[in-house]
1. Strictly over 30 Å apart at the Cα level, which of K202/K344; K155/K181; K162/K398; K263/K399; K263/K344; K41/K194 would you flag in this model?
2. For E43 and F231, FRET efficiency with R0 = 35 Å and r from the beta-carbon atoms, rounded to 0.05?
3. Send over a whole-number figure in Å² for the accessible area per residue of segment 190-323, probe 1.4 Å.
4. Taking every pair of alpha-carbon atoms in segment 282-410, what share in percent sits in each 5 Å bin, from 0 to the bin with the longest distance?
5. So if R0 is 56 Å, what FRET efficiency would V333 and N255 give, r being the distance between their Cβ atoms, rounded to the nearest 0.05?
6. Want the number for T356 to D307: 0.36 nm per residue separation, take away the alpha-carbon distance, what's left?
7. Report the gain in length on full extension from A220 to T404: 0.36 nm times residue separation, minus Cα-Cα distance, nm rounded to one decimal.
8. Quick one: what does P(r) look like for segment 368-410 with 10 Å bins over all Cα pairs, in whole %?
Amino acid sequence: MIFTRGVSLTNFLVASSALGFQVFVLYPWHKELDAGFEELKREHLKVLDAVGNSLSVQQQKTFSDKLNEIKREPGPRSAYFVAAHTSRAGEAATVNDKLVPAKSIQSTVTVSQGTADVSLYARYALAGAFCCAFTHAILTPVDVVKTRIQLDPTKYSSSLYKSARQILQLEGPAAFLTGLKPTIAGYCLQGAFKFGGYEFFKAQAVDYLGYSTTADNRNAVYLTSAAAAEFLGDIALCPFESVRIRLVSQPTYANGLIDALAKMAREEGLRGLYSGLGPILLKQIPYTMATFLVYEKAVQTAHAVVDRESLSAAGVTGVNLGAGLVAGLAAAVVSQPADTILSKINKDRGQAGEDTTRRIVRIATELGPRGAFTGMRARLVMVGAMTAVQFGIYGNIKKLFGATDGVELK
């Protein structure tokens, strides 16, 4: 017991230390690297400008076009194209001599660009971690009521208000904060992977397919990027979600997050902590795919009506709130059946000799189509509000962390 609890506590401390190191050490360092990279890029462009004076008029025109393209799209490619547009051997040799330092510059630029990319996605991850942890935390009371309705529909009314009053009368106001700590810890990790991963996989699609092809297939890119990011996030989230549901369904199960993690790990092992992974994947992946796709489409529709450049900061936040609300409602409907199954599967242990797949099938059969949508109204309120607030503040948090250079498909 002491060993298990010690391992859980150690993991928590390691994760907290890593997050603190990222925020207070790596982030300032990356800002310095970004500034150094910009200075290096300016020096590199000066060299290329000097080289342009030795070329013919036509070559200078081609050179100028390419140079302007590089200035608009910063990258490590500028060391390559000059020789490609210099036809005479003598000119190529002259250019090569002038660009001898450019090879070492290119290596430095490549490393700096890679470091800047890591810094960018780390900042997206931090913004996502804050938004998800914050929005799930403030909606913990709604989640408690929703989970109770799903787990015991005969005891609790389908009405969110009536069920909340019943819990308040029987257990007091403290019951509405049951599972708050695992909610914050789990969704902090999940949000980091979800938002940081989504931006990362979108950028990878552009690098692999090219911008034009990616933009032409943006819906597939949105869905694939969201699914891949959410898969990673769910691996991190699952143990905390299992503990949260166990605490909500059995308030006396353990005394807090660490105690609950240790007890569940001791009694049920890794299998118990990840018993809900299948339903979480079935719930969260469609939910996140629908969320990002509908959100992107809603934002594009809004900007087709109102020019983005003319919007104030409050206007941008308003667009994000509205698009987030629409996305949240759509995602809530898509993921509701899996959410109900997840609540059921984490309420109690499975039957002897019953694997996770059989358990999911048994619970789904017992629920039926109507039972699978138990607590739908409560979840619409919770997920709609949560997603609206999440996207409403995400843009501002990104700016705060300096994460403003992500891929935008038009």
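1. Over 30 Å apart, Cα to Cα: K202/K344; K162/K398; K263/K399; K41/K194.
2. 0.25
3. 42
4. Pair shares across the bins are 2, 10, 16, 18, 15, 11, 9, 8, 6, 4, 2, 0, 0.
5. Efficiency, rounded to the nearest 0.05: 0.95.
6. Full-extension gain reported as 12.6 nm.
7. 63.9 nm
8. Spelled out per bin, shortest first, that is 23, 30, 23, 19, 6.
The values are calculated or read from the model by the stated rules, or taken from the named source; none is laboratory data. Note that the structure is predicted; figures quoted are calculated from it, not measured. Cβ coordinates were reconstructed from backbone atoms using ideal geometry, including for glycine residues, and neighbour counts include every protein chain displayed. The protein model used for the area step is the full one, side chains on, heavy atoms only, and it has no ligands, DNA or RNA in it. Shrake-Rupley method; radii C 1.70, N 1.55, O 1.52, S 1.80 Å.
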